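Working notes, structure below.
The values are calculated or read from the model by the stated rules, or taken from the named source; none is laboratory data. In this text, all values refer to a predicted model and were calculated from it rather than measured experimentally. Note that we place each Cβ from the backbone using ideal geometry, even for glycine, and neighbour counts take in every protein chain shown.
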Amino acid sequence: MESAVAIAHREPWNKGKIVGQKAPFKPKDIWSLRARLQMERRIRELALLNLGIDSKLRGCDLVALKVRDICHGDQVATRAIVMQHKTRRPVQFEITAASRDALLTWIKHAGLKPDNFLFPSRLHYSPHLGTRQYARILGHWVNELGLERADYGTHSIRRTKATLIYKRTKNLRAVQLLLGHSKIESTVRYLGIEVDDALEISEQTEI
């Protein structure tokens, strides 16, 4: 049992850390990172980056994908539907041509079968890439881009395309569907926009 003194002097877990929403990546950062991964033939990382951007999935859902989730036969599908672990709600996303090429290259390179996890772990105790492993990979990307590591996390990948779509369209409901949020308030918080602005936009974009 911990003493009262030890409990009294316990520091909060987030002392000295930056907490809150992580920043989305800028398009120039994504282009730069893709170019680096392509030149260095980092096949798995390129597939992971591209699918993370396109799918806008949470890290736990992204790393748990199986080949059959995104493939029709021996071809990568243009669209996929995934059941989200957190909300137990399906979410649909488009897979762009560049991502399909990167994924197909990775699947063939790794010799993956339909029932295999898309991103197998290199650690014996885990069947697929873990969220902490994914976070470490992303941390290396942030370092390579010369960005502040504390400002970015795995949700930065999830937020990148959603933020860009919102900036271009101001269609809050569309972004809500793309992110698989059950409540519009969650999308508002996720995008970091003002509630009043969000409600006004929502009323103008009824579907």
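If you check GLY130, GLY73, GLY111 for being assigned by TED's automatic domain parsing to the domain that holds LEU49 and touching a residue at least 40 places away in the same chain (Cβ under 8 Å), only one passes: GLY130.
Evaluating LEU147 against the criteria (1) farther than 18 Å from LEU57 by Cβ; (2) assigned to a helix (DSSP H, G or I); (3) assigned by TED's automatic domain parsing to the domain that holds LEU51 leaves one unmet condition, (2). Against the criterion of being charged (D, E, K, R) and either in contact with a Phe, Trp or Tyr (Cβ under 8 Å, 6 or more places away or on another chain) or touching a residue at least 60 places away in the same chain (Cβ under 8 Å) (or both), ARG79 qualifies.
A count restricted to segment 104-144 and to residues that are touching a strand residue (DSSP E or B) at 6+ places or on another chain (Cβ under 8 Å) and either closer than 20 Å to ASP61 by Cβ or of a type in the set (S, T, N, Q) (or both) stands at 9. For first residues located in segment 37-61 and free of Cβ contacts under 8 Å to residues at least 12 places away in the same chain, partners that are among the aliphatic types (A, V, I, L, M) and part of a helix (DSSP H, G or I) and lie 6+ apart or on another chain with Cβ distances below 7 Å form the pairs GLN38/LEU46. For segment 35-44, the count of residues that are closer than 30 Å to SER182 by Cα and of a type in the set (Asp, Glu) is zero. Considering HIS85, HIS124, the condition of being assigned by TED's automatic domain parsing to the domain that holds LEU49, modelled with pLDDT under 90, touching a Cys at 6+ places or on another chain (Cβ under 9 Å) and not in a helix (DSSP H, G or I) is satisfied by HIS85 alone.
Among the residues making up segment 47-67, none is more than 16 Å from PRO90 (Cβ to Cβ) and not in a helix (DSSP H, G or I).
So in segment 88-97, with the set limited to residues that are surrounded by 11 or more Cβ atoms within 10 Å (Cβ to Cβ) and hydrophobic (A, V, I, L, M, F, W, C), which one is modelled with the highest pLDDT? Out of the qualifying residues, it is ILE95. Within the set ARG34, ARG44, ARG100, the sole residue that is outside any strand (DSSP E or B), over 14 Å from the mean Cα position of the chain (by Cα), modelled with pLDDT of 95 or more and farther than 26 Å from ALA174 by Cβ turns out to be ARG44. Here segment 127-162 is the region considered, the condition is being polar (S, T, N, Q) and closer than 12 Å to LEU48 by Cβ, and the residue that is modelled with the lowest pLDDT is THR154. Considering only residues in segment 150-173 that are among the charged types (D, E, K, R), assigned to a helix (DSSP H, G or I) and in contact (Cβ under 8 Å) with a residue 24 or more places away in the chain, the one that is surrounded by the fewest Cβ atoms within 10 Å (Cβ to Cβ) turns out to be ASP151.
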